[in-house]
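Everything on this sheet refers to the single structure shown next.
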Amino acid sequence: MICRLNVYQAVGRRLEMLFENFDYLYVSFSGGKDSGVLLDLCVEYIRNHLPGRKLGVLHLDYEVQYRQTTDYVRRRLADDSDILEVYHCCVPFKVATCTSMFQSYWRPWEQSKRDQWVRELPPGCYTEADFDFYNENLWDYDFQLLFAPWLRKRKRCRRICCLVGIRTQESYNRWRAIYSEKNRRHFGPYKWVHRIDGCHYNAYPIYDWKTSDIWTANGKFGWYYNRLYDLYHQAGVALGRQRVASPFISQAIANLAVYRAIDPDTWGRMINRVNGVNFAGLYGGTFAMGWKSVKCPPGFSWKRYMEFLLGTLPRPVRDGYLEKLRVSIRFWRERGGCLSESTISKLRERGVAIEVGGPSAYRTDKRPVRMEYLDDIDIEEFREIPSYKRMCICILKNDHICKYMGFSQTRSEKKLRETVMRKYKALKYGKV
């Protein structure tokens, strides 16, 4: 008879495998519910099975956060100080922001803006002076990649693994992070453990947990959690929108104004800290910033409206959007985007001129479709079709990268990142 494990029992098996196969483990701890439960699970496992073993904790402190999160992080890390080796990092790396049309990123703990800091540096934290790989071109995600080899060298271990508390229920991108076979190197048969490079791995032990599992565990085992979630609940914020990450990214803009009610003192400091915070707090959940039903002004086409919006922007920002548009237009003309048969049929029914190619080189049943940019189109798959309305939404959202249109890093950004990684190749692969 096959005994099916529940998610709590399954995590126990996964942690057993990780502690047996990796010389050093550390948890990426944001102060949120998922990383908090993952940290609790690891501490519990060590106390029950591996007394004397240490666990690393990486906490990237973004300076601007609810006081409830600051208090929770401080208390949680102090409660198990006999087990935890804490790397509380307060570093001025680049962090994306969607609150401003004038800047695409900001820097927490930037020394030149010390008089505007939302709070003072916490005692015992690590700053940029502690990391020999730091430079001003690093984004926060670059810092996390380079932290692993830095820590591996510091601990003098052979194989190191970062435990990340993401769950596939949260989004399709997180599901894909676990199950996609593209450019993925697993650790043995474990799809939830990925080799990043060399001897550095990421593991996602609670990938199959649901939100209800998180709160059931907190309640059943009496684990201390971030009380911010209680305030979110009282404020009527839906479970799926309760975030403790950077408040300036696109996913958090709609709830930015909640800061005013929950933590007015921090809100007052935030207004002077990052450009556009007050406006985003007032209009972040409205069509004024690309949310809800965006309407084209009377007498305008979407293309003309896009040109008007671009004309209001500073030249460097405007040129960035125009370059994205140029790349997108060329892509749809020359290569084409992959669309399903049903979407292709809808385009043909509406008389849209398209050229449908044969089987795609991508791992998909969809077919490549070449076409010109449309002004707008009223179909369910709107986000898959190239249109000037989508560009207008990106501009209104201050989506400098144009994620809404499917863009990721630019070629220059990737080249810069590759240069940084090559520069510290000796650090990553050097003998310890």
Normalising by the residue count of the stretch 7-217, find the relative contact order in percent from Cα pairs under 8 Å and 6+ residues apart. 22 percent
Can you give me the C-alpha center-to-center distance between the stretch 105-143 and the stretch 156-175, rounded to a whole angstrom? 24 Å
Set the Förster radius R0 to 22 Å, insert the Cβ-Cβ distance between Arg53 and Leu5 as r into 1/(1 + (r/R0)^6), and round the FRET efficiency to 0.05. 0.40
Exposure proxy check: Thr168, Thr211 ranked by fewest other beta carbons within 10 Å? Thr211, Thr168
Can you check what the Kirkwood hydrodynamic radius comes to for the stretch 7-217, Cα pairs only, in Å to one decimal? 18.2 Å
Restricted to the stretch 7-217, the DSSP antiparallel beta bridge percent, nearest 5, is 30 percent
GluC sites (Glu not before Pro) restricted to DSSP loop in the stretch 45-147 with at most 11 other C-beta within 10 Å: Glu120, Glu136
log10 I(q)/I(0) for the stretch 302-396, Debye formula on C-alpha points only (no solvent), q = 0.15 Å⁻¹, two decimals, reads -0.62
Arg304 versus Cys157, label points 7 Å from Cα toward the beta carbon: distance in nm? 6.3 nm
In the structure displayed, which of Lys54/Lys191; Lys303/Lys324; Lys324/Lys397; Lys191/Lys403 lie more than 19 Å apart, Cα to Cα? Lys54/Lys191; Lys191/Lys403
Footprinting exposure proxy for Ile354, Ile395 (fewest neighbouring C-beta atoms within 10 Å first): Ile354, Ile395
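None of the figures in this text is laboratory data; all of them are computed from the coordinates on show. In this text, all values refer to a predicted model and were calculated from it rather than measured experimentally. Cβ atoms come from the backbone with ideal geometry, glycine included; neighbour counts cover every protein chain shown.
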